[in-house]
Structure formats: C-alpha cells, structure tokens
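Report on one structure; see the data block that follows.
Here, each number is a calculation from the coordinates, and none is a lab measurement. Quick caveat: nothing in here was measured; it's all calculated off a predicted structure. So basically every Cβ, Gly included, is an ideal-geometry build from the backbone, and we count neighbours across all protein chains shown.
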Amino acid sequence: MIREILFPWALMTVSALSLPVTIIKFLVAGDLHAFTSWSTFRDAWFAVFWINVGPLAKQTAAPNVIPLLQGRLKDGKVQDKVVSQPLHGTVLEIGRGVGMWTQFYQKTIDEAEKEGTAGPDKIYASEPNRFLAATLKKHVKTANFEEVYHVLPVGVEGLGNTTASGTKIEPESLDCIVTVQGLCCIPEPEKNLPLLYRYLKKGGHWYVFEHVRNDESTILSGIQSFTEIFWKPMICCHLCRDTAKTLRGLGEWEEIDLAPPQGESPYEMIPHIVGTLVK
Ligand SMILES: C[S@@+](CC[C@H](N)C(=O)[O-])C[C@H]1O[C@@H](n2cnc3c(N)ncnc32)[C@H](O)[C@@H]1O
Ligand SMILES: *[C@@H]1O[C@H](CO)[C@@H](O)[C@H](O)[C@H]1NC(C)=O
C-alpha cells in the first residue's frame, strides 16, 4: 500500500530533477527557443522527463497494450487467442509521446502484409509537444513506413485545423483510435472527446489504456486527490479523471469492454482501465 501511495511522489521527484537538466540541456545546445515562453519551456521540461520515464511506462503498459492492439484482451484479461478485431485500417493515435508503439505498428503492418490479413494501412499520430514530436521522426526511417505513418504536430483540439495539422480528417473516417496514457493529458475532455467520437466510423474501434481515478474507497480517492494538487503542475496530467465514464457517455456504442487490467492493486494511485469500445 505504501509503495503504491509513494509511487507518484517518486515520479514527481524525477520531474523535479528534470527541471535543471532541461535548463542545462537547452542552454548547452544553444537552443534558446525552449525559453521563449512558459508553455514552450513546459513542453521541453516534459519531454526531458518523458524521454527518461517513458521506457519504464512502456515496460508496465506493454503486457496490456500489445494484446489490446492485437485483439487478445477481454474484461481486462489477456487471452491466448484473438477475441476481437486487431488494429486495422486508418488509425489515429492521441498523445504519441516518443513513439513507443511505433515499432509494434511497423511489425504489425509487415505481418499483415505477409499473411494477407487486414492490418493498419494509415497511422496518424497526434503529438502537440514539438520536442517529443521531433524524437518521433527518428523512428520512422524504414522504407515504406513513412508513407503509412504521419505525425500530426497538433493536440486533439487542433485536429480540425487543417493548416496546423497538415491533414484533413473527415468525420466518420477513422477505423481505429488509440489512446494510451494520453487522455490524462488532453484539455477539456468533455469538449474534445466528442470530437474524436465523431471522427470514428460506425463499427470503428477505440483502443484504450488510460490511468484513471481510484474508486476503491473514500480514503484512497482522497489521497489521490491530494496527490493531484502536486501532480498536475509537476507532470502536466490529471490523476483523477473518470475516463471510462466520459467514454461511455460519448454516444451510442455497439460494444464496450473496459475493465481494470488484471493484477492491479486496489491501492494503486495510478490505476488503469484497458479495453475497446466499438461504435
Ligand atoms: C503520458 S504521455 C504518453 C505518451 C504515449 N502515449 C506513450 O504511451 O508513451 C502523454 C502524451 O500526451 C501528449 N499530449 C499533451 N496534450 C495533448 C493534447 N492536447 N492532445 C494530444 N496529445 C497531448 C503529451 O505531449 C504526451 O506526449
Ligand atoms: C490554425 O493553425 C494555424 C497555423 O498553426 C494558425 O495560424 C491559425 O490561427 C489556426 N486557426 C484556428 C482557427 O485556430
């Protein structure tokens, strides 16, 4: 229990330590651009934090995220066989970060091509943080992957701005949406998540792995709310969002499979939900 309660504080410590590292890094690189405004500096700071913490987050997320995108997850439990439709068609990922799942996409596309199955054929990756977006390009080197994979340098709220995003996403045009620890970061979910719902085709799949609020007990959610006071300015994301409720309420769904991942402690201060919604 103590471990779970202290874990966010460990991450906040890493974020605090990333602050001087960010200042030194950009000064030494002569990249004064990072200091032009608070929000630009905040992005640079988060990028330094996430480049270090991201791999750890990937390690804990991968046992759920990979089966989720392979259609091998139900009720929060990983299945041996494919039980629902894997990632396919035109995909939009929100909050791409350093591109942790890019190699997985690449592999999936290659395998689908080899086996003649329906894999993803276009992937849009939304990432408004220019310092993180820049790290993405390094991953997108392999031959034709560049034709398939497009980084959109905007957040979810900017997707409708064709000039800024460089792409026009039509309503009801997406086969899949992927949100992996991204919905904790977006502004105004009540306003922006309906936009995403609209982009999704009828029958389209929304794959979710998000951290949410702790509903286990009043004491635990109280501790979580207290932690959030410090967490929000340090990590730039929300700890106590009821994302499952917001997603369910977006409109009509043909199918909803959202559950806590198997084996997560009830004391978790960063508890998750995992699963798929089908429109
Ligand atoms: C906790 S990180 C997770 C990154 C990635 N999904 C992963 O699993 O590594 C959240 C990401 O959301 C991005 N983000 C912040 N605001 C956003 C917005 N308005 N729209 C889309 N993404 C946003 C952040 O820049 C960051 O890369
Ligand atoms: C769209 O993006 C462009 C380029 O970033 C910006 O100049 C413009 O103000 C944006 N338009 C709206 C309506 O936000």
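For this structure, a couple of remarks:
- Helical content alone sets the calculated 222 nm signal of the chain at -14500 deg cm²/dmol, taking -39,500 (n - 2.57) per DSSP H segment of four or more residues and averaging over every residue.
- J(HN,Hα) series, segment 76-89, from Karplus relation 6.51 cos²θ - 1.76 cosθ + 1.60, nearest Hz, glycine and proline x: x, 10, 6, 9, 6, 10, 5, 10, 8, 5, x, 3, 7, x
- Using only the C-alpha atoms, the convex hull of segment 2-278 corresponds to 132 Å³ per residue.
- Over 19 Å [Cα-Cα, segment 1-94], rounded percent: 61
- This model, with +1 at the C-beta of Lys and Arg and -1 at the C-beta of Asp and Glu, gives segment 2-278 a dipole about its Cα centre of some 580 debye.
- Contact order relative to length of the chain, as percent, for alpha carbon pairs under 8 angstrom and 6 or more apart: 20
- Segment 116-245: projected area of the alpha-carbon convex hull, averaged over directions, in nm²: 10.1
- Highest-MSF residue in the chain out of LYS122, LYS77, LYS245 [GNM, Cα springs under 10 Å]: LYS245
- Average projected area [Cα convex hull, segment 205-253], square nanometres: 4.2
- Grouping the Cα pair distances of segment 176-279 into 10 Å bins from zero gives a pair-distance distribution of 15, 47, 30, 9, 0 percent in increasing distance order.
- In nm, spacing of pseudo-spin labels at ASN161 and PHE35 (7 Å Cα→C-beta vector): 2.7
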